[in-house]
Structure formats: C-alpha cells, structure tokens
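The values are calculated or read from the model by the stated rules, or taken from the named source; none is laboratory data. Everything quoted here is computed from the prediction, not taken from an experiment. Positions of Cβ are backbone-derived with ideal geometry, glycine not excepted, and every protein chain shown enters the neighbour counts.
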Amino acid sequence: MPVAINIDGEIGGPEESFVSVLDRGFLYGDSVYEVVRTYDRSIFAFEEHMDRLEQSASRLGIALPERDWLCLQVDATIRATDSTDCYCRMIVTRGPGPLTLDPTTARTPTTVIIAKPYEPFPDWTYEEGVKVLVPSIRRTSRASLDPAIKSGNYLNSVLALGEAKAGGYFDALMLDDKGFVTEATTSNVFIARRGTLFTPALEYGLLAGVTRGLLFEVCREAGIACEQKEISLNELLSADEVMLTSTLREVQPVVRVNGNPIADGRPGPVSARLRALFREHVTRLIAKAPVR
C-alpha cells in the first residue's frame, strides 16, 4: 500500500485508520513524535531518534510502549509500503479521556505509526537555494514549553510557517524573545563565517536535531571547525553562508533572509561540501544498519 498506518499494532490504509476524537493528541497536541527516513530500506539513525522520543515522553510524563515492540511495529509498517525509501512518523499520545485538561485522566496511550514513500525536496532547493523569512512570531520560550521536547503541539511553528508562505518564502527562521536565532520550523540552522561553522546552542531554545548532532561528527572527521554560540540576526545576515539541516532535507542552502541576499545570493561551497560529506556519512552508517 502507498501509505501504511499502524494504530496500536493494527496496520491499514488511511481510509480505515481512525483515532478517537477524545484522544488528547487530537484535542490538545498532548503527544510526542519522531520522524525517520530510510535509505534503501535501512532506517537512518534509528536509535538516536528512539532515544529522543523517550526523552521527550519522559519530560511530558507520557508512557511509551516497550522499545522492542515499537521497533517491530515501525519495521512492519515500513515494509507494508513496499517502498525502499520511506518517510515514517512515530506518534505516541497520552491517549483518550474525558474532556478536561487534567493529564491524569488519560489511562492508555495511543501509538500511531505512519509510513509512506519518501518525497525528496526539489533539486532546485539545493542548486538555487531557498529564501526564508524571520517572522513576527518568536520561538516558544524554554520557560513555557521547551522546544527540546518534540511534542505534537506545533502551533508555534505552524503560525510561523504560515506567515512565511503568505509572503512567498520557503520557510521561517525564528528568533527567541531576546532576538537571537534559534531554528527554522522543522530544521536547525548553521552559518558559515571565514571557514568556521556556527550553530545556536541548545540553551537558546531549540530541538537537538539528530542531523545537527551528526554534523558535529562529520565536521570533526573532516577537520572543519564547528562551534555553538548565540547568533544575532545581524550575524546571520552577514554570514558567508546559511544552511538548514534536518533528517528529511539533510543540508539545504539558504540564499535570502527577509529578501536580503546572503553573500552573493547563491549557494556556497561550504553547504555543498557539507552535504556531500553528510551523504558519505549516511552511506557508512546504513551499511552497518539492519535492512528493514
């Protein structure tokens, strides 16, 4: 089937898969999730994603199924698509309950796994680069809902992306309440300046991206200096290069921010080299990974 959906261990298609309207994931975004992808049937960085799922669930007090069971369900759902390169989203909600905010009223978590063929970003986004908007909406504060928790409550990013799309931009790049760069709506951000890569530190309120973490390893192996620091909007605009990173997009160059060109307004050599190095890293990792 082109799209396989697994609800609590039962696999079906979209037309036969349902979750209760009283589920807290639907009502309140009271859930955690992870997105993984496969390369030639091998799930990339699966353990890292599972670790982060467990960390997010622990922070919210949501009980996850046993890891072995969840891994088996992910495998089965991906296989049901008959696709070698898949997008797979794992979601665990606090479960259904009465109409109240009180989280203690939910008894049984709901597990949903969605797998479909992976749809790559268009080639032009790498060859020409993308333009992003710094929207009026700021990134949620760590003191409110820590962005390090990958929860289903994504309204902050939804509103930011909506503002960007309305202005003809590809994505939104959010600042924190002090005006420092955090991350895009579904990706981390790196800048290059005079041969060194910089990315915002986690304490500025952002998700610890799996690809972000692996890029530190890639840079270390390649002898590329890579540091975490606070990045102002002015530093971003005056960078030699800007790039977005995530599991699905890998390394994607940004050529304009708020209409202002980054350097000469074209993808630079650092992003191209970093994407090539990351792809080599992926090839080495999936060679060691189990085939799904």
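Inspect all residues belonging to the stretch 60-68 and state whether any of them is surrounded by fewer than 19 Cβ atoms within 10 Å (Cβ to Cβ) and small (Gly, Ala, Ser).
Scanning the stretch 60-68, I find at least one residue that is surrounded by fewer than 19 Cβ atoms within 10 Å (Cβ to Cβ) and small (Gly, Ala, Ser), so the answer is yes.
Output the residues belonging to the stretch 81-121 that are farther than 20 Å from residue 59 by Cα, surrounded by fewer than 19 Cβ atoms within 10 Å (Cβ to Cβ) and aliphatic (A, V, I, L, M).
99
For residues that are under 19 Å from the mean Cα position of the chain (by Cα) and surrounded by fewer than 19 Cβ atoms within 10 Å (Cβ to Cβ), scanning just the stretch 157-172, find the one that is nearest to residue 256 (Cα to Cα).
Selected residue: 165.
Report every pair of residues separated by at least 6 positions or lying on different chains whose Cβ atoms are under 7 Å apart, first residue within the stretch 123-144 and more than 27 Å from residue 274 (Cα to Cα) and among the polar types (S, T, N, Q), second at pLDDT 95 or above and not in a loop (DSSP other than H, G, I, E, B).
Short answer, once both residue conditions are applied: 136/163; 140/156.
Got a sec? Which of 132, 158 is in a helix (DSSP H, G or I) and among the hydrophobic types (A, V, I, L, M, F, W, C)?
None of the other options fit; the residue is 158.
Quickly run through the stretch 85-104 and pick out the residues that are part of a loop (DSSP other than H, G, I, E, B) and under 25 Å from residue 45 (Cα atoms).
Of everything in the stretch 85-104, just one residue is part of a loop (DSSP other than H, G, I, E, B) and under 25 Å from residue 45 (Cα atoms), namely 85.
So which of 142, 107, 138 is farther than 25 Å from residue 240 by Cβ and in the same structural domain as residue 8 (by TED's automatic domain parsing)?
107
Just to be sure I understand, how many residues within the stretch 214-223 are part of a loop (DSSP other than H, G, I, E, B) and either modelled with pLDDT under 95 or crowded, with 23+ Cβ neighbours inside 10 Å (or both)?
0
Please go through the stretch 133-144 and give me each residue that is within 24 Å of residue 34 (Cβ to Cβ) and either surrounded by 15 or more Cβ atoms within 10 Å (Cβ to Cβ) or at pLDDT 95 or above (or both), ordered by number.
Listed by number, the residues that qualify are 139, 140, 142.
Hey, can you tell me all the residues within the stretch 27-51 that are more than 16 Å from residue 115 (Cβ to Cβ) and in contact (Cβ under 8 Å) with a residue 60 or more places away in the chain?
27, 28, 29, 30, 31, 32, 45, 48
Evaluate the stretch 120-133: report whether one residue or more is within 16 Å of the chain's Cα centre (by Cα) and closer than 27 Å to residue 160 by Cα.
yes
What's the total number of residues in the stretch 251-280 that are of a type in the set (S, T, N, Q) and buried (at least 16 other Cβ atoms within 10 Å of the Cβ)?
2
Residues of the stretch 15-46 being more than 15 Å from the chain's Cα centre (by Cα), surrounded by fewer than 20 Cβ atoms within 10 Å (Cβ to Cβ) and not in a loop (DSSP other than H, G, I, E, B), which ones?
Result: 15, 16, 26, 27, 28, 39, 42.
Do the conditions hold for residue 111, that is, is it in a loop (DSSP other than H, G, I, E, B), of a type outside the set (Asp, Glu) and at pLDDT 95 or above?
For residue 111, the condition - in a loop (DSSP other than H, G, I, E, B), of a type outside the set (Asp, Glu) and at pLDDT 95 or above - is not met.
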